[in-house]
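The values are calculated or read from the model by the stated rules, or taken from the named source; none is laboratory data. What you are looking at is a predicted structure, and each value in this text was computed from that prediction instead of being measured. Virtual Cβ from ideal backbone geometry, glycine too; neighbours counted across all protein chains shown. Areas reflect the complete protein model, heavy atoms only, side chains present, ligands, DNA and RNA absent. Shrake-Rupley method; radii C 1.70, N 1.55, O 1.52, S 1.80 Å.
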Amino acid sequence: LLPASSFLCLGISITVWFTLLFVFIIMPAVLGVSFGIRSFYMRTLLKIFEWATLRMELGAKEKNQELYKPYTNGIIAKEPPSSLQQEIQELRGSANSLRSEPEFEMADIFYFCRRGVESIVDDEVTKRFSAQELKSWNLLTRSNYNFRHISLRLTVLWGLGILIRYGVLLPLRVTLAVTGICLLLVLTTLVAFLPNAELRSYLSEKVHLMCYRICVRALTAIITYHNRENKPKNGGICVANHTTPIDVIILANDGCYSLVGQVHGGLMGMVQRAMVKSSSHIWFERSEVKDRHLVAKRLGDHVADKTKQPILVFPEGTCINNTSVMMFKKGSFEIGCTVYPVAIKYDPRFGDAFWNSSKFGMVSYLLRMMSSWAIVCSVWYLPPMNREEGEDAVQFANRVKAAIAAQGGLVDLIWDGGLKRAKVKDVFKEEQQKLYSKVLVGDSEDQMEDKRSEDGTPEGDESSKDPAEGQ
């Protein structure tokens, strides 16, 4: 009797579990409605965090401990930068110390030593690939500084949070994620067999939206969309800052996009093959990714067809920790179509959305996401932008990047996100060397220019220029 009753209780529990999932999560996702449960959950968490922070501060005072206070967004305030020549003049004593015949002085070494130490202490690039610092503790071990040991109440609250996150939220979210992925695989495959192109496109959009909404609920994602009148339209390219692979789900929850990426194997490959059967996504083989002309041609052919969904592109090419926007690759801006900028800003208090791919694999990262409190973010649709007359692709990309950074409250950096794994290019080193050489031989170059002018050689004469210059 005992085994039979145990199986009966297990069956009833599973039935109740899936019934609650279907009624309160899956059906609202299908219909695109919300009961406000996630918003209430977020407000409750904020109150708990405030109480925990207050208790943490009081407990630290009682134990005469100094709390760790991180810099805002990990940025140290710095003085406005001055030119290399000005700083070297200050080191040499005065502006008059630069003689008519410049020469190297030992004091110049201190400039480069100081700049090197500054780069180590406050590196603008490396810290963009680590988790963002928090002003207060969010009861997650991965972001605390032993705050849970300050008082017994905090320890109990922290332990209760572990039980809720791993005992309730994690199983719920895994169930929803598996449900969303399975529905995407099955329904997109079935839709692909429909002979009517219009009906197939319509149902494909509905299926993708439904599955993305279920996956969003699998992360307890609370998303606020702003300026929806600027949403990307067919025949254009949507570009956004990149923090995590779930950026795709965050944006696709509010509208369908054609995705661009490399062909994968395993489960990801199955999902790609199922998606492309019913929708026009662009997948490249590994050998094709580095062929810029082929990539540009396929993107151009796609945007030329106004019946196809807008392309979603992340021009940074890698994930950044959502404190800044790094250099945009120019490829997406060479096509000559309308670009729809989108700014995504995550709230790190509920969970760190940044994917540090050099530290965590995809599976371990997703488990961290599903065991966090929630994913809270804001999405801003910016007005569409077009390439201006006389503007090249790099300038256009920088203008779009600046607009995204300004709207999302992010730092606009010129550095390439590829520095995450690659060494600094020689061109950056050569640029510093050229600047210092101008300090040493700048007057000599001016004298040569004056002599050339006296001889009647035009300044823009191509014969006097190095043929390799500008390559």
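Here are the numbers:
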read-out	value
Condition broken by Leu139, with the remaining ones in (1) modelled with pLDDT of 65 or more; (2) assigned to a helix (DSSP H, G or I) satisfied	(2)
Members of segment 284-316 that are assigned to a strand (DSSP E or B) and at pLDDT below 85	Phe284
Residue, farthest from Cys238 (Cα to Cα), within segment 403-428, restricted to residues that are open to solvent by less than 40 Å² (accessible area, probe 1.4 Å) and modelled with pLDDT of 85 or more	Leu413
Filter result for the condition that a residue is at pLDDT 75 or above, surrounded by 12 or more Cβ atoms within 10 Å (Cβ to Cβ), in a helix (DSSP H, G or I) and basic (Lys, Arg), over Arg387, Arg452, Arg399	Arg399
Residue within segment 287-306 that is among the hydroxyl-bearing types (Ser, Thr, Tyr), open to solvent by 10 Å² or more (accessible area, probe 1.4 Å) and under 30 Å from Asn196 (Cβ atoms) present	no
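For (1) closer than 17 Å to Gly32 by Cβ; (2) more than 17 Å from the chain's Cα centre (by Cα); (3) in contact (Cβ under 8 Å) with a residue 12 or more places away in the chain, each residue gets a yes or a no:
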{"residue": "Leu190", "(1), (2), (3)": "no, yes, no"}
{"residue": "Pro195", "(1), (2), (3)": "no, yes, no"}
{"residue": "Ile222", "(1), (2), (3)": "yes, yes, yes"}
{"residue": "Thr244", "(1), (2), (3)": "no, no, yes"}
{"residue": "Ala252", "(1), (2), (3)": "yes, no, yes"}
{"residue": "Cys256", "(1), (2), (3)": "yes, yes, yes"}
{"residue": "Gly266", "(1), (2), (3)": "no, yes, no"}
